[in-house]
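Take a look at the structure below.
Every number in this text was worked out from the coordinates using simple rules, so none of it is lab data. Since the model is a prediction, treat every value here as computed from it, not as a measurement. Cβ coordinates were reconstructed from backbone atoms using ideal geometry, including for glycine residues, and neighbour counts include every protein chain displayed.
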Ligand SMILES: [Zn+2]
């Protein structure tokens, strides 16, 4: 099997859990389910693996699905704010059963974005570029959540406490989620904006997509390297101390750059696509 840091982190986490006597609070298992609703959490979907943008666009299942479902969804002007509009989300491997681990995308929201950007085709090189930009709009934001989980696992191994990440999700992430104080959500959009540039997708398009919901989006344009690092530092300290305003902010942001999928190969992140919500009786 190919080397994958994430799989090694998961093995270490499992080892740590088996040797650690700490009791888990069942309530802590419900954060993502609560935020994205059980209807979407349990929705059926199919899974491929995300390694890189290039690789994704050679994936025949992905291409065929887009071709076969493109006309099933009518265009609408709803905006997409990732978890907030239940358009895309990340299910952490800290939750069991681990079969839903990965990045989740709703096909109707993805196809709607492609159709919206089709109307602005003069900003793009070709049709494939529109599909890439639409897909990466969701994936880049969710990749940041994946990076945060991997960083958390590193902290858990060092602190020998396998509960740090789940405690952070309950006590910090969930309580600030729909507010401007949610550092993880703000950083996920900042990460999206930084990486978007690397792919040479038009900046004005991303500003338009983000401007419908993120009142902070203009600040993201001016988010320098220093502020990004300082906010990552604060986020990792929130995880370390399970507290939204930690008294001590540790200089541990370097963990994040080691985790960046850009700096590594073989990440093999599960990428799920969903057609419809599950009917929950
Ligand atoms: Zn998010």
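Fully extending the segment from residue 21 to residue 179 would add 53.4 nm, taking 0.36 nm per residue of separation and subtracting the current Cα-Cα distance. For the residues 175, 153, 113, a GNM of the chain with alpha-carbon springs under 10 Å puts the largest fluctuation on 175. The stretch between residue 47 and residue 76, if pulled fully straight at 0.36 nm per residue, gains 7.8 nm over its current Cα-Cα span.
Modelled label positions at residue 119 and residue 204, each set 7 Å beyond Cα in the direction of Cβ, lie 1.6 nm from each other.
In the elastic network of the chain, a GNM with C-alpha springs shorter than 10 Å, the most mobile of 80, 14, 67 is 67. Give me the angle, in degrees from 0 to 90, between the Cα long axis of helix 183-198 and the longest principal axis of the Cα atoms of the chain, rounded to the nearest 10. Result, in degrees: 50. Using a simple spin-label model with pseudo-atoms 7 Å out from Cα toward Cβ, residue 275 and residue 127 lie 2.3 nm apart. Between 245, 112, 150, which gets the highest mean-square fluctuation from a Gaussian network model of the chain, Cα cutoff 10 Å? Checking each option, the largest mean-square fluctuation is seen for 245. Net length available on complete extension from residue 225 to residue 245 is 5.0 nm, with 0.36 nm assigned per residue and the Cα-Cα distance removed.
Shown here is the pair-distance distribution of the stretch 5-274: with all Cα-Cα distances grouped in 10 Å bins from zero up to the longest one, the shares run 6, 30, 37, 20, 6, 0 percent. If you look at the Cα atoms of the stretch 130-281, you get an Rg and a Dmax of 16.2, 49 Å. For the stretch 15-153, what class follows from the C-alpha gyration tensor (a ≥ b ≥ c being the square roots of its eigenvalues): rounded when a/c is under 1.5, otherwise prolate if a/b is larger than b/c, else oblate? Since a/c reaches 1.5 and a/b is larger than b/c, the shape of the stretch 15-153 is classed as prolate. Under the simplified labelling scheme, the residue 11-residue 84 pair shows an inter-label distance of 4.0 nm, with each label point 7 Å from Cα along Cα→Cβ.
With R₀ set to 35 Å, the beta-carbon distance separating residue 29 from residue 194 gives a calculated FRET efficiency near 0.65.
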